[in-house]
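Structure record follows, encoded as structure tokens.
Only the coordinates and a few stated rules stand behind these numbers; no lab work does. Keep in mind that what you see is a predicted model, and the values were worked out from it rather than measured. Quick reminder, even Gly has a Cβ in these numbers, built from the backbone with ideal geometry, and neighbours come from all protein chains shown.
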Amino acid sequence: MNKKLLSVPIAAVLLFLAFIIMFNPFVMVGPGERGIKIKLGQVEPEVYNEGLHFIFPFIQKFKTMNVKTQKTTVKTAVYTKDIQQARITYVLNFNVQPDKVNKLFQEVGMDYINTILTPVVEGTIKDIIGKWNAQDLIANREKATGDILFKLQSQLKDNYINVTDFQMVEINYSDVFERAIESKVTAEQEALKAKNKTVQVEEEAKQKVIAAQAEAKSMAIRAQALSQNKSLVEYEAVQKWDGKMPQYMMGNSVPFINIGAKK
């Protein structure tokens with residue numbers, strides 16, 4: 001009797017183990033993931049966090065989605081405003097909104113990168129780059145990058161995707177166009193250098209004119225003063241005297257100024 005009673009729970013345990021092995025009703029959500037339950041073809045509203053969860057076999061299915069930040073590096077070709085083809089290499093950082101994975105799965109599915117992310121990114125890049133001339137784009141790369149990032153964040157937010165960073169790491173044009181840009185930049189630099197030299201020469205000439213005008217004005221003032229003041233004439237002569245008395249044919253030295261003379 002006791003053996004029969006004991007065999008019942010053992011059989012139940014064995015059946016339970018067989019059920020688990022055959023149908024595997026437990027699912028695991030790993031680190032950086034979120035889980036989604038589908039019951040009879042319908043996505044349930046609850047999002048399941050990391051850990052072990054139970055499902056009813058045949059009735060429920062379970063999907064997991066990565067919500068960690070993902071990084072992708074892509075090369076693409078676009079046209080600028082002046083119809084120059086630009087080969088752009090960009091880096092994109094993004095992640096799925098953790099509390100909206102069920103919505104993303106329901107509306108888009110697991111292949112959201114090819115279905116939504118890539119088309120939106122490519123379209124945004126073409127739109128922003130198409131507003132710049134090729135040469136201006138090089139000088140304004142940071143502004144164009146910021147505009148692309150802002151637009152991506154605005155558009156993809158409603159599709160349950162967070163864009164955390166976008167960088168254009170490389171912009172390349174055709175070899176012919178790049179050589180033309182280099183030649184133009186060199187010519188502009190030479191023209192600026194020549195202009196600066198011209199300005200310098202003009203400024204030096206202007207300073208000489210100012211100095212000459214000042215000297216002429218000074219000489220005019222002195223000449224007028226000398227003509228009106230005899231003593232000042234004698235003072236100027238003393239200032240220029242080298243200390244030697246003038247010699248005359250008669251052999252006598254005669255003062256060339258009237259020392260002690262009174263009017």
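Here are the numbers for the structure shown:
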| read-out | value |
| --- | --- |
| Amide H within-cut-off set for V67, under 5 Å, with H built and near neighbours excluded | E33, R34 |
| Total lysine pairs whose alpha carbons fall under 25 Å of each other in the range 70-178 (8 or more apart, or interchain) | 27 |
| Table column - 3J(HN,Hα) (Hz), the range 195-210, Karplus curve with 6.51, -1.76, 1.60, x for Gly and Pro | 5, 4, 5, 4, 4, 5, 5, 4, 5, 4, 5, 4, 5, 5, 4, 4 |
| Calculated FRET efficiency for the pair D127/K61, C-beta based, R₀ 41 Å, to 0.05 | 0.55 |
| Added length on full extension, which subtracts the Cα-Cα distance from 0.36 nm per residue, Q155 to Q213 | 13.9 nm |
| Phi to ³J(HN,Hα) by Karplus 6.51 cos²θ - 1.76 cosθ + 1.60 over the range 143-153, Hz, x for Gly, Pro | 5, 4, 4, x, 5, 5, 4, 4, 5, 4, 4 |
